[in-house]
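Read-outs: derived from the displayed coordinates by stated rules, not from any lab. Bear in mind the structure is a predicted one, so any value in this text is a computation, not a measurement. As a convention, Cβ positions derive from the backbone with ideal geometry for all residues, glycine included, and neighbour counts pool all protein chains shown.
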Amino acid sequence: MSRVRVLVGTRKGAFILTADGGRKQWEVSGPHFGGWEIYHLKGSPADPDRLYASQSSGWFGQVIQRSRDGGKTWEPMGNKFTYEGPTGTHQWYDGTPHPWDFARVWHLEPSLTDPETVYAGVEDAALFRTTDGGQTWQELPGLRTHGSAASWQPGAGGMCLHTVLLDPSHPGRMFVAISAAGAFRSDDAGTTWRPINRGLTSEGIPDPMAEVGHCVHRIAMHRSRPGVLFMQKHWDVMRSDDAGESWREVSGNLPTDFGFPIDVHAHEPETVYVVPIKSDSEHYPPDGKLRVYRSRTGGNEWEPLTRGLPQRDCYVNVLRDAMAVDAFDPCGVYFGTTGGQVYVSPDAGDSWTPIVQHLPAVVSVEVQTLP
Amino acid sequence: MIRVTLPAHLRTLARVDGEVKVAVEGPATLGSVLDALEAGYPMLRGTIRDQVTHQRRAFLRFFACEQDLSHEPPDTPLPDAVVQGAEPFMVVGAMAGG
């Protein structure tokens, strides 16, 4: 019988939640790497038992862990992330030049076809790749050395490369997003990059429609239609129908167009999920009601999904990497909160149940649908 | 053999209990004991000092025989009691954070 494995990264360790296709009875494993921040862990699509985890701490820096058995055992891998060539500078918060300085790995994106190959999005923003299962990491420097890079500026959480999307139908095409530089696309496997931010508008920056400088929070695609992208920006939910060449706003009737995660239904490419969050500094759900919003029309028309979610006195946040979907039918939707809850909806968002309620603050959620 | 004590998280990462013992070739200095430690336990590379610059991570300190060696250069000789194994070389994590 098919099973589902939910990989949860938290501020104080990793947890692995497993269930059968009914998604009602859950087993909880963890904490793995207790006490460490686990920004992200993800499995290889080519070998689901091959997992990679980003483990870090303010005391001890960055560690990369790898599992070959679905998270039962782990082994530390290479953790040397050295920028290629001269590091150059980006803008600091006050606008002065600031040298690129590695802080941590935010996101690990395993290759769609090779379990040994993984991309790592890091802070300060750059893209690294391993082709030997995590033993060594090499930067793809074309992104960090893009002509606009000296003008990039960090968001409040640091200048992080937090989103890596691999296009399954165009080998060599990938998308990344950086806070607060924007979205970028490569068509040559990461060698060269160009900004894809036309149509984004960010009030508060000198040129609201600038080529770079937009605080993109998350991008999502459906693998059957990778030219269509959905974006949760600092403000505005956006959509592109031409692989990022242009964007249009699809915030529609959302109660607030601010938020962090965005994801797409596994079988319905026009069904999209977001979690509206009150901005600019509160970063909790409007009116104390935790609501996922679903659009079945690819944006603009959104419906609140509330059954099973707290509808009073709820002031948690849902971070950018903390939502995922499974491949069952009906599609399961999952998200984690900074209050330590991980919710599952086994019916595409119609109803929700907490799998766990008292974890450390959840940073990331990934889902594997296993045979 | 030089005895080295590690913070709990690094003992877990290195999969050791209690102190570790490392053999140093040549003069036993602050730098050479860390070289030996990282050679014996490669998973600790980068967790105590930067892998390229060898700069100590900000929230770690080095102590031996009640001396704070944290700000000393890498060629600083370790105290005789540490070289002879009577006292440990201590890598200590700052008590900070949440």
### Query
Would region A:171-180 turn up any residue that is surrounded by fewer than 17 Cβ atoms within 10 Å (Cβ to Cβ), closer than 15 Å to A:Trp106 by Cβ and of a type outside the set (Asp, Glu)?
no
### Message
The conditions are (1) within 10 Å of chain A (Cβ to nearest Cβ); (2) on the phi < 0 side of the Ramachandran plot, and B:Gly46 fails exactly one of them. Which is it?
### Response
(2)
### Task
Taking A:Leu359 as meeting all but one of (1) assigned to a strand (DSSP E or B); (2) buried (at least 23 other Cβ atoms within 10 Å of the Cβ); (3) more than 19 Å from the chain's Cα centre (by Cα), write down the number of the exception.
(1)
#### Entry: Close pairs (9 angstrom Cβ cut-off, 6 or more residues apart or separate chains): on the phi < 0 side of the Ramachandran plot in region A:211-223, acidic (Asp, Glu) and surrounded by fewer than 21 Cβ atoms within 10 Å (Cβ to Cβ) anywhere
A:Met221/A:Asp167; A:His222/A:Glu268; A:His222/A:Glu270; A:Arg223/A:Asp167
#### Entry: A:Arg312 being over 22 Å from A:Gly157 (Cα atoms) and surrounded by fewer than 16 Cβ atoms within 10 Å (Cβ to Cβ)
yes
### Summary
Apart from one, (1) exposed (fewer than 15 other Cβ atoms within 10 Å of the Cβ); (2) within 14 Å of chain A (Cβ to nearest Cβ); (3) of a type outside the set (Asp, Glu) all hold for B:Pro7; the odd one out is (1)
### Query
Can we say A:Asp236 is at positive phi and either without any contact (Cβ under 8 Å) to a residue 40 or more places away in the chain or among the hydrophobic types (A, V, I, L, M, F, W, C) (or both)?
yes
### Residue in region B:83-95 that is surrounded by the fewest Cβ atoms within 10 Å (Cβ to Cβ), counting only those that are more than 9 Å from B:Val4 (Cβ to Cβ) and touching a residue at least 24 places away in the same chain (Cβ under 8 Å)
B:Gly85
### Pairs where the first residue, in region A:8-36, is more than 14 Å from every other protein chain (Cβ to nearest Cβ) and the second is charged (D, E, K, R) and in a loop (DSSP other than H, G, I, E, B), C-beta under 8 Å, 6+ apart
A:Arg23/A:Asp326
## Note on the structure
The correct count of residues that are surrounded by fewer than 18 Cβ atoms within 10 Å (Cβ to Cβ), within 14 Å of chain A (Cβ to nearest Cβ) and not charged (D, E, K, R) in region B:15-39 is 1
### Query
For B:Gly93, which of the numbered conditions (1) touching a Phe, Trp or Tyr at 6+ places or on another chain (Cβ under 7 Å); (2) away from every other protein chain (no Cβ under 14 Å) fails to hold?
(2)
### Residue among A:His98, A:His90, A:His107 that alone is without any contact (Cβ under 8 Å) to a residue 24 or more places away in the chain and away from chain B (no Cβ under 14 Å)
A:His98
### Query
Residues A:Trp137, A:Trp74: which one is farther than 30 Å from B:Met95 by Cβ, over 20 Å from the mean Cα position of the chain (by Cα) and of a type in the set (Phe, Trp, Tyr)?
A:Trp137
### Query
Is it the case that region A:124-144 has a residue that's crowded, with 17+ Cβ neighbours inside 10 Å and acidic (Asp, Glu)?
yes
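Let's see how each residue does on (1) among the aliphatic types (A, V, I, L, M); (2) within 21 Å of the chain's Cα centre (by Cα); (3) surrounded by fewer than 20 Cβ atoms within 10 Å (Cβ to Cβ):
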position: A:Gly9; (1), (2), (3): no, yes, no
position: A:Ala19; (1), (2), (3): yes, no, yes
position: A:Lys24; (1), (2), (3): no, no, yes
position: A:Glu27; (1), (2), (3): no, no, yes
position: A:His40; (1), (2), (3): no, yes, no
position: A:Asp47; (1), (2), (3): no, yes, yes
position: A:Arg50; (1), (2), (3): no, yes, no
position: A:Ser54; (1), (2), (3): no, yes, no
position: A:Gly78; (1), (2), (3): no, no, no
## Note on the structure
Flagged in region A:110-136 as without any contact (Cβ under 8 Å) to a residue 60 or more places away in the chain and within 17 Å of A:His40 (Cα to Cα), in numbering order, are A:Thr117, A:Gly121, A:Val122, A:Glu123, A:Asp124, A:Ala125, A:Ala126, A:Phe128, A:Thr130
### Task
Mind counting the residues in region A:271-307 that are more than 17 Å from A:Met231 (Cα to Cα) and in contact with an Asp or Glu (Cβ under 8 Å, 6 or more places away or on another chain)?
3
